[in-house]
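**Student:** Once you've had a glance at the structure underneath, I'll fire off some questions.
The values are calculated or read from the model by the stated rules, or taken from the named source; none is laboratory data. This structure is a prediction, so every number in the text was calculated from the model and none was measured. When we count neighbours, we look across all protein chains shown, and the Cβ atoms used for this are built from the backbone with ideal geometry, even at glycine. Ligands, DNA and RNA are stripped out before the accessible areas are found, and what is left, the full protein with its side chains, is counted by its heavy atoms. Shrake-Rupley method; radii C 1.70, N 1.55, O 1.52, S 1.80 Å.
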Amino acid sequence: MTIPVYVSPEQLMKDRADYARKGIARGRSVVVLSCRQGILFVAENPSRTLHKVAEIYDRIGFAAVGKYTEFEHLRVAGIRYADLRGYAYDRSDVTARALANAYAQTLGTVFTTESKPYEVQITVAQVGPDPAADQLYLLTYDGSVTDEPGVVAMGGAAEALTAALSEDLDPAAELGDALRRTVDQLARTGGRALTAGDLEVALLDRSADRRAFRRVPVESVERHLVGEG
Amino acid sequence: MSGDALPSHGAGGSSFAELLRAQAPHLLPGATTGEVSGPVELPHGTTVVALACAGGVVVAGDRRATTGSYIASRDLEKVFAADEFSVVGIAGTAGVALELVRLLQVELEHYEKIEGTMLSLEGKANRLSSMIRGNLGNAFRGLAVLPVLAGYDLAGERGRIFSYDLAGGCYEESSHHSIGSGAFFARGALKKLWRPEMPAEDAVRVAVEALYDAADDDSGTGGPDLGRQIWPTCAVVTADGVRFVAAHELERVVTDLVAARRDNPGGAR
């Protein structure tokens with residue numbers, strides 16, 4: 001008869017967290033930050049079709065790093081949650097805070113009960129009437145939520161990026177300036193030059209009447225990067 | 001709905017209506033009406049016309065809702081943007097119809113968000129078709145809803161109109177279509193006034209005139225209400241998307257029409 005090996009709960013959780021962290025650290029970075037025109041999403045993502053940034057609801061956007069299938073599942077679940085809630089109550093009753101809590105529950109449950117945790121980090125952002133009213137929630141693989149002021153960075157170089165971008169952060173900066181600064185920092189921490197083609201850029205437009213999420217086309221990203229935007 | 005948890009995934013696809021059926025069936029249009037004995041008196045919406053024009057379609061509806069012989073509302077909207085490139089007009093029981101429109105709007109947006117691309121116009125027409133089929137039981141209880149869907153086909157680069165029957169049958173109309181209690185009178189007017197490839201402004205004028213004729217002979221359809229400044233709802237769909245005609249433009253169209261019909265009530269020409 002084999003005796004099952006005893007693993008302490010502390011060790012088990014630590015192993016799971018290390019596993020998830022390693023998976024996330026392999027991914028390229030994504031930055032979400034407030035600017036004058038709205039909330040800007042900048043992802044290092046050469047694919048035009050497999051998105052890391054997406055629309056959830058009228059004023060709510062989603063960004064993720066890690067394993068594509070896992071965050072894609074979370075994205076779809078988020079849209080279903082938001083549409084169901086908005087249909088049952090009212091469109092104004094769908095909030096990023098409630099969605100972040102629902103995500104936290106799911107991630108927490110998967111972390112403790114499934115055989116492997118999700119190797120993802122996600123940001124749920126809700127654009128407000130002015131930058132001070134923007135909400136950015138960062139969720140990690142174990143279901144912990146943090147409310148980040150003004151800027152969130154995720155992925156391999158998250159800490160260095162957050163530090164660099166938080167320094168002299170101006171949540172009311174023009175879109176072009178915010179984009180240029182973010183791309184500079186992404187290139188610096190990643191150690192490689194970035195062109196518009198390597199980026200996935202989207203905006204939660206502050207001035208929109210209803211659906212605020214817009215993808216920023218490559219040509220317009222290019223114009224912003226050379227400073228003509 | 002089930003509290004704060006995320007809906008479970010798995011076999012759901014990108015249809016919101018299917019999701020609703022699985023997660024919250026009580027929220028489906030007309031789902032909680034139960035057994036009804038005898039006819040019920042509920043507000044009804046009345047005449048909506050849709051006609052093809054150069055580069056798109058025009059859809060217009062009157063604003064009256066009636067409960068029996070009583071006017072329940074003078075400013076009910078019956079024409080709605082289903083999404084950026086399609087509009088839906090409704091006739092029938094107002095309560096169920098409005099809920100159906102809301103479901104269609106969420107359905108189309110839900111698909112677009114999950115798939116990252118818009119449904120084709122036929123796809124939108126077929127989704128509406130299955131919703132109408134789902135309402136067949138209610139139709140037998142006197143809660144019928146009959147819509148018309150019109151939109152701009154981005155692939156075919158033209159405006160298209162789809163009509164429905166209560167069983168969910170979906171038929172494409174090539175020129176014009178009308179629904180509601182005043183539909184017969186509106187259809188007569190459209191037959192005489194509609195021309196292929198007419199400019200959108202002319203099509204708006206024809207749509208308003210058809211509604212005028214419907215209101216002339218049908219008590220369920222609201223006529224021009226200059227005193228209250230209530231104008232028909234009128235939407236134009238082109239390659240640029242859905243545009244609702246502004247109140248001041250409609251005021252001009254209606255005022256001109258009323259002046260033209262003075263001493264010529266049938267609009268003979």
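**Student:** Given Cα positions, please report Rg to Rh for segment B:176-227, the hydrodynamic radius being the Kirkwood one.
**Tutor:** Details: Rg = 11.0 Å, Rh = 11.2 Å.
Here Rg/Rh amounts to 0.98.
**Student:** Put +1 on the Cβ of every Lys and Arg and -1 on every Asp and Glu Cβ in segment A:1-75; which of A:Pro4, A:Thr49, A:Phe71 then has its Cα farthest towards the positive end of the dipole?
**Tutor:** The residue sitting farthest along the positive end of the dipole is A:Thr49.
**Student:** Taking the Cα centre as origin and putting +1 on Lys and Arg beta-carbons and -1 on Asp and Glu beta-carbons, what dipole magnitude results for the protein assembly as shown, to the nearest 20 debye? Show your work: numbers first, answer last.
**Tutor:** Numbers: 51 positive and 66 negative charges, 122 e Å.
Here the protein assembly as shown has a charge dipole of around 580 debye.
**Student:** Across every pair of different alpha-carbon atoms, what Kirkwood hydrodynamic radius in Å does the protein assembly as shown reach? Could the numbers behind the result be given before it?
**Tutor:** Values: mean 1/r = 0.0396 Å⁻¹.
Taking the inverse mean of 1/r over all distinct Cα pairs, the protein assembly as shown comes out at 25.2 Å.
**Student:** Calculate how large, on average over all directions, the projected area of the Cα convex hull of segment B:136-269 is; give the answer in nm² to one decimal. All intermediate terms of the calculation are to be shown ahead of the outcome.
**Tutor:** Details: hull surface 38.7 nm².
The number I arrive at for segment B:136-269 is 9.7 nm².
**Student:** Can you find, among B:Ser129, B:Gly156, B:Val253, the residue farthest towards the positive end of the dipole of chain B? Put +1 on the C-beta of Lys and Arg, -1 on that of Asp and Glu.
**Tutor:** The Cα lying farthest towards the positive end belongs to B:Val253.
**Student:** I've got another one for you. Using +1 at the Cβ of each Lys and Arg and -1 at the Cβ of each Asp and Glu in segment A:25-225, identify which of A:Leu203, A:Gln135, A:Tyr81 lies farthest towards the dipole's positive end.
**Tutor:** A:Tyr81
**Student:** Going down the list A:Lys67/B:Lys113; A:Lys22/B:Lys113; B:Lys124/B:Lys192; B:Lys78/B:Lys113; A:Lys67/B:Lys124; A:Lys22/A:Lys67, which pairs span over 23 Å between their C-alpha atoms?
**Tutor:** Long pairs (Cα-Cα over 23 Å): A:Lys22/B:Lys113; B:Lys124/B:Lys192; B:Lys78/B:Lys113; A:Lys67/B:Lys124.
**Student:** Could you list the GluC sites (Glu not before Pro) in segment B:173-248 that lie in coil according to DSSP, counting only those with at most 11 other Cβ atoms within 10 Å of their Cβ? Provide the component values of the computation, followed by the final result.
**Tutor:** Values: sites: B:Glu173, B:Glu197, B:Glu201, B:Glu209; in loops: B:Glu197.
Sparse-neighbourhood loop GluC sites (Glu not before Pro): B:Glu197.
**Student:** For the protein assembly as shown, what is the accessible area per residue in Å² when the probe is 1.4 Å?
**Tutor:** Working: 22520 Å² over 498 residues.
On a per-residue basis, 45 Å².
**Student:** Quick check: the angle from helix B:121-134's long axis to the longest principal axis of chain B, C-alpha only, nearest 10 degrees?
**Tutor:** Relative to chain B, helix B:121-134 is tipped by roughly 70 degrees.
**Student:** Nearest 10 degrees, 0 to 90: what angle lies between the long axis of helix B:94-115 and the longest principal axis of chain B (Cα atoms)?
**Tutor:** It works out to around 60 degrees.
**Student:** Considering the zone a paramagnetic label at A:Ala133 would reach in this model (a point 7 Å from Cα along the Cα-to-Cβ line), which residues of segment A:73-97 have amide N under 19 Å from it?
**Tutor:** Taking a point 7 Å out along Cα→Cβ of A:Ala133, the residues of segment A:73-97 whose backbone N falls under 19 Å are A:90-97.
**Student:** Return a whole-number percent for the relative contact order of segment A:25-225, with Cα pairs under 8 Å and 6 or more residues apart as the contact set. Show your work: numbers first, answer last.
**Tutor:** Details: 413 pairs, mean separation 62.2, N = 201.
The normalised contact order for segment A:25-225 reaches 31 percent.
**Student:** Lys and Arg at +1, Asp and Glu at -1: add these up for the other residues within a Cβ distance under 13 Å of A:Arg16 and post the number.
**Tutor:** Details: positive: A:Lys14, A:Arg21, A:Lys22, A:Lys116; negative: A:Glu10, A:Asp15, A:Asp18, A:Glu114, A:Glu119, A:Asp142.
Result for the local shell: -2.
**Student:** Across peptide A:85-91, how many C-beta atoms of other chains are within 10 Å of each residue C-beta, on average? Walk me through the numbers before you get to the answer.
**Tutor:** On the way: counts 2, 3, 13, 6, 1, 0, 1.
Taking all residues of A:85-91 together, the mean is 4.
**Student:** Normalised by the number of residues in segment B:43-261, what is the relative contact order in percent for Cα pairs under 8 Å and 6+ residues apart?
**Tutor:** Values: 501 pairs, mean separation 64.6, N = 219.
30 percent.
**Student:** Now for a different question. Starting from segment A:109-193, pick out the trypsin sites (Lys or Arg not before Pro) whose DSSP state is loop and whose Cβ has at most 12 other Cβ atoms within 10 Å.
**Tutor:** Details: sites: A:Arg180, A:Arg181, A:Arg188, A:Arg192; in loops: A:Arg192.
Hits after loop and neighbour filter: A:Arg192.
**Student:** Now a separate question. In what sequence, largest accessible area first, do B:Glu157, A:Glu219 appear using a 1.4 Å probe? Mind showing how you got there, number by number?
**Tutor:** Working: B:Glu157 135, A:Glu219 110 Å².
Order by accessible area, largest first: B:Glu157, A:Glu219.
**Student:** So if I place +1 on the C-beta of Lys and Arg and -1 on the C-beta of Asp and Glu, and nothing else carries charge, what would the dipole magnitude of segment B:43-261 be about its Cα centre? I want it in debye, nearest 20. Don't skip to the end; give the middle numbers.
**Tutor:** On the way: 21 positive and 29 negative charges, 103 e Å.
Dipole size: approximately 500 debye.
**Student:** Tilt of helix B:200-217 relative to the longest C-alpha principal axis of chain B, in degrees (0 to 90, nearest 10)?
**Tutor:** 80 degrees
**Student:** When the chain is fully extended, how far beyond the present Cα-Cα distance does A:Val218 get from A:Tyr19, taking 0.36 nm per residue of separation? Intermediate results must be reported in sequence, preceding the final value.
**Tutor:** Working: separation 199, 0.36 × 199 = 71.64 nm, distance 3.48 nm.
Length gained between A:Val218 and A:Tyr19: 68.2 nm.
**Student:** In addition: Could you state how much accessible area is buried at the A-B interface, both sides summed, with a 1.4 Å probe, in Å² to the nearest 100? The partial results should precede the final answer.
**Tutor:** Working: alone 11570 and 13280 Å², together 22520 Å².
Buried: approximately 2300 Å² between B and A.
**Student:** Please identify the GluC sites (Glu not before Pro) of segment A:42-121 that satisfy two criteria: DSSP loop assignment and at most 16 other Cβ atoms within 10 Å. Which are they? If you can, show how the numbers build up before the last one.
**Tutor:** Values: sites: A:Glu44, A:Glu55, A:Glu70, A:Glu72, A:Glu114, A:Glu119; in loops: A:Glu114, A:Glu119.
When the GluC sites (Glu not before Pro) of segment A:42-121 are filtered for loop state and at most 16 Cβ neighbours within 10 Å, A:Glu114 remain.
**Student:** Using a 1.4 Å probe and ignoring any ligands, DNA or RNA, find the accessible area of B:Lys191 and quote it in Å² to the nearest 10.
**Tutor:** 130 Å²
**Student:** Can you give the alpha-carbon Rg of chain A over 2.2 N^0.38 Å, where N counts its residues?
**Tutor:** Values: Rg = 18.1 Å, N = 229, 2.2 N^0.38 = 17.3 Å.
Normalised Cα radius of gyration, chain A: 1.04.
**Student:** Quick one: dipole size for segment A:25-225, taken about the Cα centre, charges +1 on Lys/Arg Cβ and -1 on Asp/Glu Cβ, in debye to the nearest 20.
**Tutor:** Details: 23 positive and 28 negative charges, 101 e Å.
The dipole of segment A:25-225 has a size of about 480 debye.
**Student:** Based on alpha-carbon positions alone, could you give the equivalent ellipsoid semi-axes of segment A:1-112 from the gyration tensor, as √(5λ), descending, whole Å? Provide the component values of the computation, followed by the final result.
**Tutor:** Numbers: eigenvalues 203, 81, 30 Å².
After diagonalising the Cα gyration tensor, the semi-axes are 32, 20, 12 Å.
**Student:** What whole-number value in cubic angstrom gives the convex hull volume per residue for the C-alpha atoms of segment B:43-261? Don't skip to the end; give the middle numbers.
**Tutor:** Details: hull volume 24.0 nm³, N = 219.
Residue-normalised Cα hull volume stands at 110 Å³.
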